[in-house]
Amino acid sequence: MTFAEIGLHPAILAALTDSGYSVPTAVQIQAIPAAIEGRDLMVSSQTGSGKTAAFMLPALHHLALQERPPGGPRSLRQERRPAAARGYERQRFQAAQPRMLVLTPTRELALQVTAATEKYGRQLHQVRAVAILGGMPYPKQMELLGRNPEILVATPGRLIDHMSSGKIDFARLQMLVLDEADRMLDMGFIEDIERIVAATPATRQTMLFSATLDGTVGEMAQRMTRNALRIQVDAPSSRHEHIEQRMHFVDDLAHKNRLLDHLLRDAAIDQALVFTATKRDADNVSDRLNVAGLNAAALHGDMHQGARNRTLAAVRRGQVRILVATDVAARGIDVPTITHVFNYDLPKAAEDYVHRIGRTGRAGRSGLAISLVHHAEQFNVRKIERFIRQPIPVEVVAGHEPTRHPAPAKPRPPGKPAWQGADKRTPGLPAGQADKRFAKPAAPWRDGLSRTGRHDSPQKASHGGGRRAYGER
Ligand code: AMP
């Protein structure tokens, strides 16, 4: 099936051709025709599947059909708002009345969606999209809202602020999209979402996208949609077909840093994304890599939005080779030239692993995801392997071997795949026991860390896990 066969508006087809999209992705094939018909959607699809276009193309299609012909008496925007009322001065009296609202969990994803909208809708001159995000100065946002955009892409918190002060009126809203709905729930936005949805017309079309439709997010989706078409797409990236995964065991932080430096010098790396557990570590690792002569920058939630945007723009322009980021800042990053993702620290939640590695192997390219893992983190590794339903191969780099080698896999119980059942790396321990043994400290060797990332003396380790980790060296 082609985009033309789906019946999209010619102006959108032209933009897709310019963008180099020849065929729709699996989620687009299923979602776009149903959305054009006006159906509500509950879509389970992973990052990298092309989900943004899956909701934005039908939305733009509807808006395009509502556009007035060029040269006609008035454009949509003019019809709704007299020219004199469009200035900043009048905004407080006339709220923005968007036709489409996209809610996203993070600022980066909101900007990403806005950029995609501009790309797909660039031939629709009367359709304007703006992003309303936390961290952006209010006067700037008032000015954006004063343009009365057809499409609002927003993070829930800041949107509520504007709704409360009467700057936004959803009376004319036709389409509501909840993007990465599971993430928004994880981030505690449920009440904000309920409040926003309650302020929109019951006649709206609702499209909800989420990595999973199980549990709370599924219940919320049921509540917020009407007779929704349920679409389940196994995106290529959810099966990680384009992304090779590896794991290296490290003895301690110094070993981890040496190995990271070594791996980052691989000429095959176009651009790399390194994930750390904390904002401080993102800064520290980035500083250390720059001192080591590698071109790195940090990205995390403590940075001002302007600085985050500048860093991301520099990455997109190829001026930064290594981006060191925390999970929250990395959500929504879509830079096709990221060839490698490194987990300097493993994520706490297994599904975050999928989001992280999905930052490479984008738009049909291949990617490599490398996790640096301490032996005491095998519990986390097993959680991730169970979640992605595949084992992550362990590799060793000559000259950077860990002191403690991973044990060979135990023969697996009949009928169970390799990533289930007995502990593969701890011979003699049945499944589950290794979990208990390693569950306590997530990263015990960190206890002896100073702010500069050096190891303090082992005696400073404050709990048994730390001492055991040092003792193992
Ligand atoms: P998303 O899952 O929306 O974040 O999209 C992942 C990537 O796929 C983005 O870089 C899109 O620009 C790209 N993309 C989306 N749809 C298509 C398509 N039909 N053909 C090629 N690339 C696409």
Inset, instruction - Could you please find all residues in region 27-39 being outside any helix (DSSP H, G or I) and either touching a strand residue (DSSP E or B) at 6+ places or on another chain (Cβ under 7 Å) or within 13 Å of the ligand (Cβ to nearest atom) (or both)? - result: GLY38, ARG39
Inset, instruction - Quickly run through region 1-12 and pick out the residues that are open to solvent by 20 Å² or more (accessible area, probe 1.4 Å) and either within 12 Å of the ligand (Cβ to nearest atom) or in contact with a Cys (Cβ under 8 Å, 6 or more places away or on another chain) (or both). - result: MET1, THR2, ILE6
Inset, instruction - Could you tell me whether region 275-294 includes any residue that is assigned to a strand (DSSP E or B) and either aromatic (Phe, Trp, Tyr) or away from the ligand (no atom under 16 Å from the Cβ) (or both)? - result: yes
Inset, instruction - Determine if region 71-93 includes at least one residue that is aliphatic (A, V, I, L, M) and either at pLDDT 85 or above or not in a helix (DSSP H, G or I) (or both). - result: no
Inset, instruction - Go over the candidates MET56, MET42 one by one and state the one that is more than 15 Å from the ligand (Cβ to nearest atom) and open to solvent by less than 10 Å² (accessible area, probe 1.4 Å). - result: MET42
Legend entry - Count of residues meeting criterion [more than 16 Å from the ligand (Cβ to nearest atom) and open to solvent by 10 Å² or more (accessible area, probe 1.4 Å)] in region 353-374: 1
Legend entry - Residues within region 9-26 that are within 10 Å of ALA53 (Cβ to Cβ) and of a type outside the set (Phe, Trp, Tyr), tallied: 5
Inset, instruction - Report yes if ILE269 is of a type in the set (A, V, I, L, M), surrounded by 22 or more Cβ atoms within 10 Å (Cβ to Cβ) and modelled with pLDDT under 95, otherwise no. - result: no
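For region 376-397, enumerate the residues that are of a type in the set (A, V, I, L, M, F, W, C) and either surrounded by fewer than 12 Cβ atoms within 10 Å (Cβ to Cβ) or closer than 14 Å to VAL250 by Cβ (or both).
Pass one, region 376-397, residues of a type in the set (A, V, I, L, M, F, W, C): 376, 379, 381, 384, 387-388, 392, 394, 396-397.
Once the filter is applied, which keeps residues that are of a type in the set (A, V, I, L, M, F, W, C) and either surrounded by fewer than 12 Cβ atoms within 10 Å (Cβ to Cβ) or closer than 14 Å to VAL250 by Cβ (or both), region 376-397 yields ALA376, VAL381, VAL394, VAL396, VAL397.
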Inset, instruction - Assess whether ALA64 counts as being assigned to a helix (DSSP H, G or I), more than 9 Å from the ligand (Cβ to nearest atom) and of a type in the set (A, V, I, L, M). - result: yes
Legend entry - Residues located in region 96-119, provided they are open to solvent by 10 Å² or more (accessible area, probe 1.4 Å), farther than 22 Å from VAL328 by Cα and touching a residue at least 60 places away in the same chain (Cβ under 8 Å): GLN97, ARG99, LYS119
Inset, instruction - Would you tally the residues in region 101-139 being farther than 24 Å from LEU312 by Cβ and either modelled with pLDDT of 95 or more or of a type in the set (A, V, I, L, M) (or both)? - result: 2
Legend entry - Residue check for VAL274: over 17 Å from the mean Cα position of the chain (by Cα), at pLDDT 95 or above and hydrophobic (A, V, I, L, M, F, W, C): no
Legend entry - Residue list for region 20-39, filter: open to solvent by 50 Å² or more (accessible area, probe 1.4 Å) and of a type in the set (Gly, Ala, Ser): GLY20, SER22, ALA26
Legend entry - GLN97 being among the polar types (S, T, N, Q), over 27 Å from the mean Cα position of the chain (by Cα) and modelled with pLDDT of 90 or more: yes
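Residue-wise test of (1) modelled with pLDDT of 95 or more; (2) of a type in the set (Val, Ile, Thr).
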position: VAL177; (1), (2): yes, yes
position: ASP182; (1), (2): no, no
position: LEU185; (1), (2): no, no
position: GLY188; (1), (2): no, no
position: GLU194; (1), (2): yes, no
position: ASP214; (1), (2): no, no
position: ILE231; (1), (2): no, yes
position: SER237; (1), (2): no, no
Inset, instruction - Could you please let me know if ILE338 is closer than 22 Å to GLY134 by Cβ, within 16 Å of the ligand (Cβ to nearest atom) and open to solvent by less than 10 Å² (accessible area, probe 1.4 Å)? - result: no
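The values are calculated or read from the model by the stated rules, or taken from the named source; none is laboratory data. Keep in mind that this is a model prediction, so the values were computed, not measured. Cβ atoms come from the backbone with ideal geometry, glycine included; neighbour counts cover every protein chain shown. Ligands, DNA and RNA are stripped out before the accessible areas are found, and what is left, the full protein with its side chains, is counted by its heavy atoms. Shrake-Rupley method; radii C 1.70, N 1.55, O 1.52, S 1.80 Å.
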